[in-house]
Amino acid sequence: MTDWERVRQELKEAGYSGFEFDSGDTAVPGLSGEWVSGNIPREGGLKHENQPLWIRILALLGRSAVGTDPENAPESIRNIATEHGLEVVIISVSTDEARIALCDPSKYDL
């Protein structure tokens, strides 16, 4: 069983406050069961300049695109997820921030 309060505390200590617990089913692929989610600044692999070339080309054409590979999440968030046996899901990305969830994979089918 995941200690969600501990996960939230570790995220806060890593500089990511504002993560909230939620559960249920959603329209987001891979996001159902139990999770914590929150908004973070767009950094690391989520920054425009760190996106694959084809995504950067789409952005130049005025298209809104971003890679949502969990590996694009900040390393500290990925490490917390790994430590607790959780999966990272990038829910959405805007110009300045990304909405990320850490999910319990035993609660849903990837």
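So, in region 3-35, of the ones that are acidic (Asp, Glu) and in a strand (DSSP E or B), which residue ends up modelled with the lowest pLDDT?
Only one residue tops the list, namely Asp25.
Just the residues that are modelled with pLDDT of 80 or more, β-branched (Val, Ile, Thr) and more than 16 Å from Val7 (Cβ to Cβ), please, taken from region 81-109.
Hits for region 81-109 are Ile90, Ile91.
Among the listed residues Asn39, Asn50, identify the single one that is out of contact with any Ser or Thr (no Cβ under 7 Å at 6 or more places or on another chain), modelled with pLDDT of 55 or more and surrounded by fewer than 18 Cβ atoms within 10 Å (Cβ to Cβ).
Asn39
Looking only at residues in region 81-106 that are polar (S, T, N, Q) and open to solvent by 60 Å² or more (accessible area, probe 1.4 Å), which one is nearest to Ile40 (Cα to Cα)?
Among those that are polar (S, T, N, Q) and open to solvent by 60 Å² or more (accessible area, probe 1.4 Å), it is Thr95.
Looking at this structure, is Arg78 at pLDDT 90 or above, part of a helix (DSSP H, G or I) and either open to solvent by 40 Å² or more (accessible area, probe 1.4 Å) or out of contact with any Ser or Thr (no Cβ under 9 Å at 6 or more places or on another chain) (or both)?
yes
The values are calculated or read from the model by the stated rules, or taken from the named source; none is laboratory data. All values derive from a computational prediction rather than experimental measurement. Note that each Cβ is placed from the backbone with ideal geometry, even for glycine, and that neighbours are counted across all protein chains shown. Accessible surface is based on the protein model in full, side chains and every heavy atom, while ligands, DNA and RNA are left aside. Shrake-Rupley method; radii C 1.70, N 1.55, O 1.52, S 1.80 Å.
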